[in-house]
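Engineer: So that we are looking at the same thing, I have put the structure below in structure tokens.
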Amino acid sequence: MRALVWHGKEDIRCESVPDPRIEHPRDAIIRVSSCAICGSDLHLYDNMIPAMQSGDVMGHECMGEVVEVGSDMRGKLKVGDRVVVPFTITCGECWQCRRGNFSLCETTNRNAAMQEKVFGRVGAGLFGYTHLTGGYPGGQAEYLRVPCADETHIKVPSTLTDEQVLFLSDILPTGWQGAVQCDIQPTDTVAIWGAGPVGLMCVISAVLLGAKQVIVIDRVPERLAMAKANGAITINFDEESVMERIDQLTDRKGPEKCIDAVGMEAHATATLDSVYDRVKQAVMLSSDRAHVLREMVYLARPGGVLSVPGVYGGLVDKFPMGLVMNKGLTIRTGQTHVRRWTDDLLRRIEEGQIDPSFVITHTVPLEQGPAMYKTFRDKQDGCVKVVLKP
């Protein structure tokens, strides 16, 4: 089959790889109909996350049709079912899964010993996301093997297009969880750093959850336009002071709720801390650029909540923990517990409350995927979100 394969920094190739096969009675094989490039794939493209190996198949946002199932599906999945595949592989049986903490599944990371050495206690296995999270082949391919497929799937109806439901795999529940973690009240201002695909899903989620006003900070015109069209007040950090504008919008009190939808590769360049981050990163003394985290801590209203759906990979330097403590801030983080949210989100899509397809700017064949990684990373050609068709 054809797949997008990692061979090193900025080196993704469309190649022929062996077809997946059933390896366990709870496995299923999916013929992929649509897949996408995620912002967190760019951390791998830029070689910012360790434990990738040459030949690894990329991708963790995909959907398609079940073409083969193992012998232990427990009546939950059959050939012909149309499914979205969550990026988190979940057993449904362990202590964490029983509590709905699906991204913390205790059994599906087959490289748990490796991850423990880096991060301590482990989380779930993830598709296409380094050997620290199990080394599972990803879904930017013609076919995908889904372990624990009786639990790791979202059935979707034929009445909805791929584009309407594909993002149930990651960015829609990620944005939703980012907003839900804020415990949004009708009097709240919610400030969202980053208007990429996850940030935009945070916008529609915060609006649906009833925030008084939603503010989005970014610098890419196409992203800011999408955020504004979905009800947000926008700040272009290249053109105006984030602090001054937020002070103006919040009567100098700060936003009650702040969401970091950027993560480890913040692109601010004109601030002292961002220069410091880039130097430390260049000489391998720090892994993550944390300008957004620091800015949220500084600007948040005392007693507020910081939600962090943005991906971080390792060590953050010069984090103002004293300010967090003295302001009484609550920080909520985590990989997304996808299946916790998808029944509700699928219902909202069916009812017309949400149509996440608005973020798609480019739909191309799988073979064009390597070039689209660069286009997406560099924000060229108005690119906000790429869908690939195997």
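Engineer: Tell me the mean residue ellipticity at 222 nm calculated for the chain from its helices only (DSSP H runs of n ≥ 4, each -39500 (n - 2.57), averaged over every residue, nearest 500). Before the final figure, lay out the partial values.
Structural biologist: On the way: 13 runs with 111 residues, N = 390.
Helix contribution divided over all residues of the chain: -8000 deg cm²/dmol.
Engineer: Only bridges whose two residues both fall in the range 15-149 count here: according to DSSP, what percent of them are antiparallel, nearest 5?
Structural biologist: 95 percent
Engineer: Next up: Suppose R0 equals 25 Å. What FRET efficiency, 1/(1 + (r/R0)^6) with r the Cβ-Cβ distance, do Glu10 and Asp317 give to the nearest 0.05?
Structural biologist: After rounding, the FRET efficiency stands at 0.50.
Engineer: So, one more: I'd like the antiparallel share, as a percent to the nearest 5, of DSSP beta bridges with both residues in the range 74-222.
Structural biologist: Here the antiparallel bridges make up roughly 40 percent for the range 74-222.
Engineer: Sticking with this one: Students sometimes get this wrong: rank Glu151, Glu222 by accessible area, probe 1.4 Å, all chains present, largest first.
Structural biologist: Glu222, Glu151
Engineer: Let a ≥ b ≥ c be the square roots of the eigenvalues of the Cα gyration tensor of the range 62-102; is it rounded (a/c under 1.5), or, if not, prolate (a/b larger than b/c) or oblate?
Structural biologist: Here the range 62-102 falls in the oblate category.
Engineer: Quickly rank 378-390, 160-172 as a protection proxy: mean count of other C-beta atoms within 10 Å, highest first.
Structural biologist: 160-172, 378-390
Engineer: Another one. Suppose a student asked you for the relative contact order of the chain, using Cα pairs under 8 Å spaced at least 6 residues apart; what percent would you report?
Structural biologist: This gives 18 percent for the chain.
Engineer: Ignoring ligands, DNA and RNA, how do Asp247, Asp19 rank by accessible area with a 1.4 Å probe, largest first?
Structural biologist: Asp19, Asp247
Engineer: Additional query: Just check the chain against the gyration tensor rule for me: Cα atoms, a ≥ b ≥ c as the square roots of the eigenvalues, rounded for a/c under 1.5, and otherwise prolate or oblate depending on whether a/b exceeds b/c. Provide the component values of the computation, followed by the final result.
Structural biologist: On the way: a/c = 1.59, a/b = 1.46, b/c = 1.09.
It comes out prolate by the Cα gyration axes.
Engineer: Next up: Please determine, in degrees from 0 to 90 and to the nearest 10, the orientation of helix 338-350 with respect to the longest principal axis defined by the Cα atoms of the chain, where the helix direction is its Cα long axis.
Structural biologist: Here the helix axis deviates by roughly 90 degrees.
Engineer: Assuming R0 = 25 Å, can you tell me the calculated FRET efficiency for the pair Arg252 and Ala229, based on Cβ-Cβ distance, to the nearest 0.05?
Structural biologist: The value I calculate is 0.30.
Engineer: Another question, then. Could you sort 69-81, 251-263 so that the peptide with the highest average Cβ count within 10 Å comes first and the rest follow in order?
Structural biologist: So the peptides 69-81, 251-263, ranked by packing, come out 251-263, 69-81.
Engineer: Pull out the extension gain between Asp183 and Asp378, defined as 0.36 nm times the separation in residues minus the alpha carbon to alpha carbon distance; nm, one decimal.
Structural biologist: Using 0.36 nm per residue and subtracting the Cα-Cα distance, I get 66.8 nm.
Engineer: Can you order the peptides 229-241, 128-140 by their average number of other Cβ atoms within 10 Å per residue, highest first?
Structural biologist: 128-140, 229-241
Engineer: For the charge dipole of the chain, defined by +1 on Lys and Arg C-beta atoms and -1 on Asp and Glu C-beta atoms about the Cα centroid, which residue among Cys35, Cys91, Val386 has the Cα displaced farthest towards the positive pole?
Structural biologist: Cys91
Engineer: Please report how far the C-alpha centroid of the range 182-199 lies from that of the range 328-390, rounded to the nearest whole angstrom.
Structural biologist: 17 Å
Engineer: Round to the nearest 0.05 the FRET efficiency obtained for Thr361 and His24 when R0 = 35 Å and r is the Cβ-Cβ distance.
Structural biologist: Rounded to the nearest 0.05, the efficiency is 0.40.
Engineer: While we're on this one: Send over the semi-axes of the range 85-193's equivalent ellipsoid, whole angstrom and largest first, taken as the square roots of 5 times the C-alpha gyration tensor eigenvalues.
Structural biologist: Equivalent-ellipsoid dimensions as semi-axes: 25, 21, 14 Å.
Engineer: If you don't mind, another one. To the nearest 20 debye, what charge dipole does the chain have about its Cα centre, counting +1 at the Cβ of each Lys and Arg and -1 at the Cβ of each Asp and Glu?
Structural biologist: Values: 42 positive and 49 negative charges, 140 e Å.
Dipole about the Cα centre, nearest 20: 680 debye.
Engineer: Now for a separate question. Quick one: dipole size for the range 329-390, taken about the Cα centre, charges +1 on Lys/Arg Cβ and -1 on Asp/Glu Cβ, in debye to the nearest 20.
Structural biologist: 280 debye
Engineer: In whole Å, how far is the Cα centre of the range 158-173 from that of the range 73-134?
Structural biologist: 20 Å
Engineer: Also: Rounded to the nearest 5, what % of DSSP beta bridges with both residues in the chain are antiparallel?
Structural biologist: Taking every DSSP beta bridge within the chain, about 55 percent pair in antiparallel fashion.
Engineer: With a 1.4 Å probe and all protein chains kept in place, how do Arg301, Arg26, Arg13 rank by accessible area, largest first?
Structural biologist: Details: Arg301 80, Arg26 20, Arg13 100 Å².
From most accessible down to least: Arg13, Arg301, Arg26.
Engineer: In debye, nearest 20, what is the charge dipole magnitude of the range 32-138 about its Cα centre with +1 on Lys and Arg Cβ and -1 on Asp and Glu Cβ, if you could check?
Structural biologist: Working: 9 positive and 11 negative charges, 82 e Å.
Charge dipole of the range 32-138: 400 debye, to the nearest 20.
The values are calculated or read from the model by the stated rules, or taken from the named source; none is laboratory data. Here the structure is a predicted model, which means the values were calculated and not measured. Every residue, glycine among them, receives a Cβ derived from its backbone with ideal geometry; neighbour counts consider all protein chains shown. With ligands, DNA and RNA removed, areas are computed over all heavy atoms of the protein, side chains included. Shrake-Rupley method; radii C 1.70, N 1.55, O 1.52, S 1.80 Å.
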